[in-house]
Amino acid sequence: MPQIACAQWRALDQLHPAPSPRELDWLNEQGSLTRRLTELSGERFAVEPLAEGWQILRDDECAALGVAAGSEGWVREVYLYGAGVPWVFARSVAARSALEAHPFALDRLGTTSLGHLLFRDPAFSRQPIEACRYPAELLPAAVRSAGLWGRRSLFRRGALGVLVAEVFLPELWQADA
């Protein structure tokens, strides 16, 4: 079975061509993206789960989590809505081996934002943000578009790593114009 495309993640200062200042500001958001989207939407923020369950993780995800290629993990894909419109596609993953050793309720989030939990738990530390032009074929068909900026960061709590990727959809840039 052929390996699906992987995003080419880079440190923010290694992106070429560089994002615009506005794009870089969003890509480099150090606080909770949930909080920022909630403020921009006038408190009309919502999470729509698209898919979640055990899957074989992508090679770049395995590498970031420090597990063997082909490892299984919990995958959660959602839209983050602002004012009734999807502004962000998010994909969060954690290796099965780490979740079994260090339980974290990724499977029970429902419409709760993962960021809401990560930023409230001081035991999680955030690794540096990486960004890329996210491969269109990795996006849901409804929002598939080439050249969209995405970012990801790894949140660690001991041996547990939760990798969170967020892709900024065109509607966000319209709302933040």
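No value in this document is a laboratory result; all are computed from the given coordinates. Predicted model only: the values in this text are computed from it and were never measured. All Cβ positions, even for glycine, are placed from backbone atoms using ideal geometry, and neighbour counts span all protein chains on display.
Residue-normalised convex hull volume from the C-alpha trace of the stretch 77-177: 120 Å³ per residue. Using Cβ point charges alone (K and R +1, D and E -1), the dipole size of the chain about the Cα centre works out to roughly 220 debye. Taking other C-beta atoms within 10 Å as the exposure proxy, Trp54, Trp87, Trp9, Trp149 rank Trp54, Trp9, Trp149, Trp87 from fewest upward. If you plug the beta carbon distance of Arg35 and Gln8 into 1/(1 + (r/R0)^6) with R0 = 30 Å, you get a FRET efficiency near 0.60. Helices in the chain, meaning DSSP H runs of at least 4 residues, each add -39500 (n - 2.57). Divided by all residues, the mean residue ellipticity at 222 nm is -5500 deg cm²/dmol. Projected onto planes of every orientation and averaged, the convex hull of the alpha-carbon atoms in the stretch 10-175 covers 9.2 nm². Working from Cα pairs under 8 Å separated by at least six residues, relative contact order for the chain is 25 percent.
You can think of it this way: the chain between His102 and Ala141 has 10.7 nm of extra reach, that is 0.36 nm per residue less the Cα-Cα gap.
Counting Lys and Arg as +1 and Asp and Glu as -1 over every other residue whose Cβ lies under 14 Å from the Cβ of Ser71, the net charge comes to -3.
Paramagnetic label reach from His116 (point 7 Å along Cα→Cβ; backbone nitrogen cut-off under 19 Å): within the stretch 141-166, residues 164-166. Using alpha carbon centroids, what distance separates the stretch 117-170 and the stretch 41-77, in Å? So the two Cα centres are separated by 9 Å. Residues of the stretch 21-61 falling in the label zone of Gln174, defined by backbone nitrogen less than 20 Å from a point 7 Å along Cα to beta-carbon, are 22-23, 26, 37-48.
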